[in-house]
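Every read-out reported here was derived from the displayed coordinates using simple, explicitly stated rules and does not represent laboratory data. This is a predicted model, so every value here is computed, not measured. FYI the Cβ positions are ideal-geometry reconstructions off the backbone, even for glycines, and counts take in every protein chain you see.
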């Protein structure tokens, strides 16, 4: 049977091992936390970049639609003018045939 001193020495070795293991785990977790923070920062930067690109795309689409709106308005006015002219011509022809 081991003596009290031997048992105490054995226990101290085990406690020292646990302390060392705890320190290693703490350092490992700190490094992992740092790596995760770096990755989140990179992902956040990419989202900011993508948000800028989407904003540029939205502005470009709005600008193109605005130009298309003006073109459709011009064509609508032109078409209505042609239809009114046609109706006046038909009404004039009908009125002249009597």
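For the pair residue 49 and residue 20, label points projected 7 Å from Cα toward Cβ lie 4.4 nm apart. Taking each DSSP H run with n ≥ 4 as -39500 (n - 2.57) and averaging over every residue of the chain yields -36500 deg cm²/dmol at 222 nm. Mind checking the angle between helix 4-96 and the chain's longest principal axis? C-alpha axes, 0 to 90 degrees, to the nearest 10. Roughly 0 degrees between the two axes.
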